[in-house]
Amino acid sequence: ASPVTPEPVTPAPVTPAPVTPVPITAAPVSPAPVTAATCPPVPDSPEACNICGDGKCVGKPDGIVDFSAFNFGTFACGNLQDGGYDGAIPSDFCGFVQSQTADCGCNPTGAAPAPAPSP
């Protein structure tokens, strides 16, 4: 059995503590430096395929490239870029892959593209 307090129970009186408000001052915080995004270096290898083309890289790594019509399935742009850099895309197929990357947000910095303005 658990202990039980016999009735009647008288609550203890509450006494307000003396509170003196303290002024709030913001801490001096320097803004984080803004650095320009840059594309990862394309490996200097004849097997490497830059899916975005020279001087560009993927800005939307979660974008999808759909090769289902060619029985290759779908690929996330970031994975496709990594595979291209690793030599997994045959050089004779690289140009075709580059023509299919509209949803990858390819750009010179690799930064995510700004969202389209709402109508």
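Observations
- Only one of the numbered conditions (1) more than 24 Å from the chain's Cα centre (by Cα); (2) open to solvent by 80 Å² or more (accessible area, probe 1.4 Å) is not met by F93, and that is (2).
- Residues within region 96-112 that are open to solvent by 20 Å² or more (accessible area, probe 1.4 Å), under 16 Å from S68 (Cα atoms) and of a type in the set (S, T, Y), tallied: 1
- Residue match in region 58-80 (condition: polar (S, T, N, Q), part of a loop (DSSP other than H, G, I, E, B) and more than 19 Å from the chain's Cα centre (by Cα)): yes
- Any hit, region 57-79, residues being under 22 Å from A111 (Cβ atoms) and aromatic (F, W, Y): yes
- Leading residue by the ranking (most open to solvent (accessible area, probe 1.4 Å)) among those in region 36-64 that are of a type in the set (G, A, S) and within 19 Å of G87 (Cβ to Cβ): S45
The values are calculated or read from the model by the stated rules, or taken from the named source; none is laboratory data. Everything numeric here is computed off the predicted structure, so don't read it as measured data. In this analysis, Cβ positions are derived from the backbone assuming ideal geometry, glycine residues included, and neighbour counts consider all displayed protein chains. The protein model used for the area step is the full one, side chains on, heavy atoms only, and it has no ligands, DNA or RNA in it. Shrake-Rupley method; radii C 1.70, N 1.55, O 1.52, S 1.80 Å.
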